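Please read the structure below before turning to the comments.
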Amino acid sequence: MSARLALYWAPEVTDPLHAAASRWLGRDAETGAPLPQAPLPGLDIAEITADARGYGFHATLKPPFRLATAYAAAREAAKELAARTRPFALPPLEVAELDGFLALRESAPCPELHAFADDCVRGLEPHRAPATEAEIARRRPERLPERERGYLAAWGYPHVFESWRFHLTLSRRLTAEEAAIVRPAAEAALAAIAAQPRFVRELCLFTQAGPGAPFLIAERLRLLG
């Protein structure tokens, strides 16, 4: 099977951040609808946001994986995880640079957020098909620190547990000259809304029909703990 499932956090549909970030990326991951993007002076905003647009506005909890079981079984495991997780406050978000990319990141540590991500990685692991050699190679394991190579081998993704960083991607990797244009635009479009208080109350199941297909929100599971 080439379809993939991922566990992500995304703003609730009624959260203004959902609409604002969807407009920034040029697509609504809830409906799949394309959206017009505000132009950037001298740059192609559609190209700069192309990869992020394909994945949909989100923060990764359990990275995309091919299923070793049925979707219904994985959904049930995610539902059980959501049922035992208590909603929690998310620190204000801010536009930040992350390894050359722009992203929204938390402005203060949030232990509940990290525990949630760890639970998602572990809780759905029985439903993850092993990564193929090609999938492993794409992560460039030879460039990874030893701990992250171990995570890649064991969990199919290097950035989990201590190596996980909460972020909602806004761009591809930018040059300094591009960042000088894109970052102020992103801040103007998103900073005030991102800084508003919000709670994490849902776990989102994103699905991808096949290689190159856009990710869509298949279900939103309420946290009931």
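The values are calculated or read from the model by the stated rules, or taken from the named source; none is laboratory data. Computed from a predicted structure; not experimentally measured. Don't worry about glycine lacking a Cβ; one is built from the backbone with ideal geometry, like all the others, and counts go over all protein chains shown.
Numerical summary
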read-out: Residue within the range 36-57 that is small (Gly, Ala, Ser) and at pLDDT below 95 present; value: no
read-out: Subset of the range 102-128 (residues that are under 18 Å from Leu61 (Cβ atoms) and of a type in the set (Gly, Ala, Ser)); value: Ala103, Ala115, Ala117, Gly123
read-out: Condition met for Leu17 (outside any strand (DSSP E or B), at pLDDT 95 or above, of a type outside the set (Val, Ile, Thr) and in contact with a strand residue (DSSP E or B) (Cβ under 8 Å, 6 or more places away or on another chain)); value: yes
read-out: Residues being touching a strand residue (DSSP E or B) at 6+ places or on another chain (Cβ under 8 Å), more than 16 Å from Ala218 (Cβ to Cβ) and of a type outside the set (A, V, I, L, M, F, W, C) - total across the range 23-41; value: 2
read-out: Tally, over the range 29-57, of residues that are part of a loop (DSSP other than H, G, I, E, B) and surrounded by 15 or more Cβ atoms within 10 Å (Cβ to Cβ); value: 6
read-out: Some residue of the range 181-196 being of a type in the set (Asp, Glu), out of contact with any Leu (no Cβ under 8 Å at 6 or more places or on another chain) and at pLDDT 95 or above; value: yes
read-out: Filter result for the condition that a residue is within 28 Å of Glu177 (Cα to Cα) and touching a Leu at 6+ places or on another chain (Cβ under 8 Å), over Ala77, Ala52; value: Ala52
read-out: Residue within the range 82-91 that is within 26 Å of Ile193 (Cα to Cα), under 17 Å from the mean Cα position of the chain (by Cα) and assigned to a strand (DSSP E or B) present; value: yes
